[in-house]
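Below you'll find the structure, written out as structure tokens, and then a few comments.
Derivation of every value follows stated rules applied to the coordinates shown; laboratory data play no part. Since the structure is predicted, the reported quantities are computational estimates derived from the model, not experimental observations. Cβ coordinates were reconstructed from backbone atoms using ideal geometry, including for glycine residues, and neighbour counts include every protein chain displayed.
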Amino acid sequence: MRLEQESQFAWLQGLYFFDGVSVAISNALRKKGTRAQDYIKEPIRITPLSPQEKAAKERAEQNKIIAYFSNLERASDRENEAARASMLLSADGSEMIICPHCDTYQTRRSVCMKCKAAL
């Protein structure tokens, strides 16, 4: 049993050493413009996660997914708003646009009627 533990420890130590050397060599030989690799941020886990740790990890992953889709929805809403704004028509049928300076709807012309900025 003790020999097996020592073997496991030596293997794990070799894994850390290999990762450290790999990162150092990769960073030394990387091309300009490529991002540097990082050494592992936390120890390699040998024991299984406890039920509390599993639940916390799952919650963190769910929160990350929810945040991703919320941001995606907000971006889509902004794109849809921009598309709707560009397609608005005035009563006489001319196209309406939003002035980027004062955020008012204007018929397509070269100067905003409110802030006098060029459109």
(message) Give the aspartates and glutamates whose C-alpha is closer than 13 Å to that of K41, dropping any in the same chain fewer than 8 places away, or say none.
(response) D19
(message) Quick check: pseudo-label points 7 Å beyond the Cα along Cα→Cβ at C115 and Y68, how many nm apart are they?
(response) 3.7 nm
(request) Calculate the spin-label point distance for N80 paired with A24, positioning each point 7 Å from the Cα along the beta-carbon direction, and give it in nanometres. (result) 5.4 nm
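Please list, by residue number, every one of the trypsin sites (Lys or Arg not before Pro) in the range 1-68 that is coil in DSSP and has at most 16 other beta-carbon atoms within 10 Å.
Loop-located and lightly packed - R30, K31, K32, R35, K41, R45.
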